[in-house]
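The values are calculated or read from the model by the stated rules, or taken from the named source; none is laboratory data. Note that this is a predicted model, so its numbers are computed, not measured. Cβ sites come from the backbone with ideal geometry, for glycine too, and all protein chains shown count toward neighbours.
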Amino acid sequence: MKKSMSIGVIPFTALIAVLGFFNCEALAASLTTLQFESAPRSWVGRGQSRSVTPEDNFSFSASRNFDNGVSFRINNLVSNPPRDSKYWTLNLAAPFEALLTPGLYSDTARFPFQSAGQPGLTFSGNHRGNNRNGGFFEVLEATYLADGTVASFAVDFTQYGEQQQERWINGKLRFNSNIALDGSIIDADEPGDEPKSVPESSATLGMGLALGFSALVLVGKKK
């Protein structure tokens, strides 16, 4: 049985020395949030639109799942009584248990029941999930430490409940990310500047050493 590695929302000062890919101001501008909107017939979304952040007393955690993918858990179970608590889970996996890197993953199936050559996607929460899923997701940013732990991540996803497009959920998750919700790069070098756009086709890969550990940085979109 493979062990799961988890990390909560971490201060990015630990990554200051990653070969100049980031600087202190840019790291301080990182974004952590879950936003989604859903169709009225979506069993999971129930027609709701939600936007939550750590400032709303929601905790965000990321772990590597047994398909070499990434799983996220978002909840306010600590800050609110059980009857008022909310939680969601997002599970992602690439085909053939490959590492999730920036790019589009289409024709998804319900995680963890996808076939070997198929991406896995499941968004569920508050005691609600689907028996079957369809959809797609796009990874915009992925940062892993040397041991595989998730340091930052950005993904946009669409899930079709029971593989029916009228039961859609459109969501965006950012975890310690420097990718804004509109897909642009958050640039805090000069306060007041507009975010810079992500190049149409780019993949930045770097290895760096910061406070005694290495980080693998993957940012951008690839066709």
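Annotation note: Cβ proximity below 8 Å between a residue of the stretch 132-148 that is surrounded by fewer than 21 Cβ atoms within 10 Å (Cβ to Cβ) and a residue that is acidic (Asp, Glu) and in a strand (DSSP E or B) (sequence gap 6+ or interchain) occurs for GLU138/ASP156.
Among the residues of this structure, GLN163 does not count as one that is touching a helix residue (DSSP H, G or I) at 6+ places or on another chain (Cβ under 8 Å), in a loop (DSSP other than H, G, I, E, B) and not hydroxyl-bearing (Ser, Thr, Tyr).
Residues that are at pLDDT below 50 and either polar (S, T, N, Q) or not in a loop (DSSP other than H, G, I, E, B) (or both) within the stretch 167-205 comprise LYS196, SER197, SER201, SER202, THR204, LEU205, listed in sequence order.
Based on this model, can you work out whether ARG128 counts as of a type in the set (Lys, Arg) and farther than 17 Å from SER49 by Cα?
When the stated conditions are applied, ARG128 does not pass them.
Applying the condition of being surrounded by fewer than 16 Cβ atoms within 10 Å (Cβ to Cβ) and more than 16 Å from ARG167 (Cα to Cα) to the stretch 22-49 and asking which residue is modelled with the highest pLDDT yields ALA28. Within the stretch 28-49, the residues that satisfy the criterion of being of a type in the set (S, T, N, Q), closer than 10 Å to ILE169 by Cα and touching a residue at least 40 places away in the same chain (Cβ under 8 Å) are SER38, SER42.
Yes/no per residue for (1) at pLDDT 95 or above; (2) of a type in the set (Asp, Glu); (3) in contact with a His (Cβ under 8 Å, 6 or more places away or on another chain); (4) surrounded by 15 or more Cβ atoms within 10 Å (Cβ to Cβ):
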| residue | (1), (2), (3), (4) |
| --- | --- |
| ASN57 | no, no, no, no |
| ASN80 | no, no, no, no |
| LYS86 | no, no, no, yes |
| LEU92 | yes, no, no, yes |
| LEU100 | yes, no, no, yes |
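Scanning the stretch 114-131 for residues that are over 20 Å from PHE60 (Cα atoms) and either in contact with a strand residue (DSSP E or B) (Cβ under 8 Å, 6 or more places away or on another chain) or β-branched (Val, Ile, Thr) (or both) yields a count of 6. Entry remark, the stretch 52-99: residues being assigned to a helix (DSSP H, G or I) and touching a strand residue (DSSP E or B) at 6+ places or on another chain (Cβ under 7 Å) number 1 in total. Screening ARG64 on (1) more than 19 Å from PHE153 (Cβ to Cβ); (2) among the basic types (Lys, Arg); (3) in contact (Cβ under 8 Å) with a residue 24 or more places away in the chain shows it passes everything except condition (1).
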